[in-house]
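Below is one structure, written out as structure tokens; the observations come after it.
The values are calculated or read from the model by the stated rules, or taken from the named source; none is laboratory data. Values in this document were obtained by computation on a predicted structure and should not be read as measured data. A quick note on method: Cβ atoms are made from the backbone with ideal geometry, for glycine too, and the neighbour counts reach across all protein chains shown.
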Amino acid sequence: MCRIFSCRNGAAEEMPSLWQGLACSCPLLARKETAVVAFTGSGGKTTWIYRLAEELCRQGKRVAVATTTHMYEPPPELLADDAETMKSLLEGRGFAVIGQRDGRGKITYGGDALFTACRALADVVLVEADGSRQQPLKCFGPHEPVIPPDADCIVHVAGLSALGRPLDEICFRWEQSRWERRQAVTDEVFAAVVRSCLAYLRRSWTVPVIPVFNQADEEAARLRGQDLLRRLDEPIGLMTFFDKEEREGIRCISL
């Protein structure tokens, strides 16, 4: 079971679905013939992508998942590395993962031509546009993230499980921050790391950027997440959590 809360000006409201939560934060998505959503950050990107894909497929949408960096290789029956396979999967299953195998258990960007074809055939394209080595928090490196040029919005994810733990243990590319490696992740540190990422995204791209605090499993975590959004001066944000089975990602997706 997943739950999503839309936070506006400090007040949280539970939403009936992930897509409705996103559309509440970015109304443009509901009006797009084909929506392209790029995911950055850490602490739940892949889970978000596959759970959202599953939800949209149940609604009859044709959904493509892609990466501009790397993501774990899906089962072979879901992977399209050419336009013909992608078309067959989208028209048959209503779902495809687009990319090229790297020979190490991951896939990489499938190329501009394949992405353009995917954009023309799918109703929604969900793009993993950043890497985090499965850490709950991250700082951007020099060439991160890799946002597709036609993205309609950017979802930036951060995991609340980072709070209270040493920065170097839970923050990918922590050395890009201004903190010492063993600095405990206080609310101030968490907010500073997320704020720097949001500021960079908004300087570099003109599309809406939606902050998401994931791993808000308990009421105390959700209240703390609301507090952090206020600290960041973010009038709109989302909080989510997923149970253990949902966090297994593509391995348990039922399409």
_Of the criteria (1) without any contact (Cβ under 8 Å) to a residue 40 or more places away in the chain; (2) buried (at least 18 other Cβ atoms within 10 Å of the Cβ), which one Leu29 fails_ = (1)
*In segment 1-22, which residue that is closer than 19 Å to Thr47 by Cβ and among the hydrophobic types (A, V, I, L, M, F, W, C) is surrounded by the fewest Cβ atoms within 10 Å (Cβ to Cβ)?*
Met1
_Options Ala129, Ala162; residue that is over 16 Å from the mean Cα position of the chain (by Cα) and under 26 Å from Ile236 (Cα atoms)_ = Ala162
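The rows are residues; the columns are (1) more than 17 Å from Ala216 (Cβ to Cβ); (2) more than 15 Å from the chain's Cα centre (by Cα).
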{"site": "Trp19", "(1), (2)": "yes, no"}
{"site": "Leu22", "(1), (2)": "no, no"}
{"site": "Trp48", "(1), (2)": "no, no"}
{"site": "Ala66", "(1), (2)": "yes, no"}
{"site": "His70", "(1), (2)": "yes, no"}
{"site": "Pro75", "(1), (2)": "yes, yes"}
{"site": "Leu78", "(1), (2)": "yes, yes"}
{"site": "Gly92", "(1), (2)": "yes, yes"}
*Does any residue of segment 98-106 turn out to be within 25 Å of Val157 (Cβ to Cβ), surrounded by 13 or more Cβ atoms within 10 Å (Cβ to Cβ), in contact (Cβ under 8 Å) with a residue 12 or more places away in the chain and in contact with a helix residue (DSSP H, G or I) (Cβ under 6 Å, 6 or more places away or on another chain)?*
yes
*Residue check: is Pro149 in a loop (DSSP other than H, G, I, E, B), within 30 Å of Val189 (Cβ to Cβ) and free of Cβ contacts under 8 Å to residues at least 12 places away in the same chain?*
no
*asked:* Would you confirm, using the coordinates I've provided, whether Ser254 is modelled with pLDDT under 90 and small (Gly, Ala, Ser)?
replied: yes
*When you go through (1) outside any strand (DSSP E or B); (2) over 22 Å from Lys106 (Cα atoms); (3) touching a helix residue (DSSP H, G or I) at 6+ places or on another chain (Cβ under 9 Å) one by one for Gly21, which number turns out not to apply?*
(3)
*asked:* Condition (residue is loosely packed, with under 13 Cβ neighbours inside 10 Å and of a type in the set (Lys, Arg)) applied to segment 201-222: is it met by at least one residue?
replied: yes
*Select from segment 53-107 the residues that are under 23 Å from Ser42 (Cβ atoms) and of a type in the set (Phe, Trp, Tyr) and list them in ascending order.*
Tyr72
_For segment 24-42, which positions are assigned to a helix (DSSP H, G or I) and closer than 14 Å to Leu56 by Cβ?_
Leu29, Ala30
*Pick from Gly60, Gly131: which is surrounded by 21 or more Cβ atoms within 10 Å (Cβ to Cβ), part of a loop (DSSP other than H, G, I, E, B) and out of contact with any helix residue (DSSP H, G or I) (no Cβ under 8 Å at 6 or more places or on another chain)?*
Gly131
